[in-house]
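Please treat every number below as a calculation from the coordinates, not as lab data. Predicted, not measured: the structure shown is a model, and the values here were computed from it. Please note: Cβ atoms are built from the backbone with ideal geometry, for glycine as well, and neighbour counts cover all protein chains shown.
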Amino acid sequence: MSCDSGVLRYRATHALRGAFSRSFQRLAVAAWVCVLATHAMAQPAPDASAAAPAAAPDAPAVQPYAPATAVYEPWRTDRFYLETSVYTHHWHYDPAHVDHQELILGEWNITEQWLVGASYFKNSFGQPTEYVYGGYRFRPIEKAQPFYIKVSAGLVYGYKDPYKNKIPFNNSGIAPVIIPSVGYCINRFCGEAVIVGGASIILTLGVTIP
């Protein structure tokens, strides 16, 4: 009986030691996993901007042709314009015609397109005449921006007897008119061909002023 009791005690002690050893191993593994997890969580998060490779600079977008406003273009940006006549050609001969109009004209460019102006000149019969108007300028050719077409509309005063009826709607002495012209500028200097209805064409020279 004593021998059997010793064997039983040995087996019980060995079983307890085995169970304790397995429990200790599991506990050690769990503790090691906790240590690793805690260490990983304590590390600072990587900087996404630093980790990510530097993005290549965007290639410049291809833009459709547009006039370059950064270059020196006073004819586009100047606000005022002064002009005089240099040559007149009447479509039909009349001995009473005067071919020296002595034009003095001033314009204010409200925008690049819209403008207002006033002028003094001698009409086709040498009478002092004034014209006040508003107008619109546009540039129909993208690659030739100094070229423009201008249309002005306003009131003209100065056609008097015996030539009062040489201009339509002049019953009161003040007549409405529409005058188209084409022009081209080099730096601040511009030339225009002004179509004065069915009467004449006037060539002019002018200069823009900031």
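Under 5 Å between amide hydrogens, which residues at least 5 positions from V86 or on another chain qualify, with H placed 1.01 Å from N in the peptide plane?
When sequence neighbours closer than 5 places are left aside, the close amide H contacts are L203, T204, L205.
Whole-Hz Karplus ³J(HN,Hα) for segment 89-96, in order, using 6.51 cos²θ - 1.76 cosθ + 1.60 and θ = phi - 60°, x for Gly and Pro?
Listing the rounded values in order: 10, 8, 5, 10, 6, 8, x, 7 Hz.
Using a cut-off of 13 Å between beta-carbons, work out the net charge of the residues near L82 (Lys and Arg +1, Asp and Glu -1, L82 not included).
-2
Give a residue-ordered list of calculated ³J(HN,Hα) values for segment 156-169 (Karplus: 6.51 cos²θ - 1.76 cosθ + 1.60, θ = phi - 60°; whole Hz; x for Gly, Pro).
10, 10, x, 7, 10, 4, x, 10, 4, 8, 6, 10, x, 6
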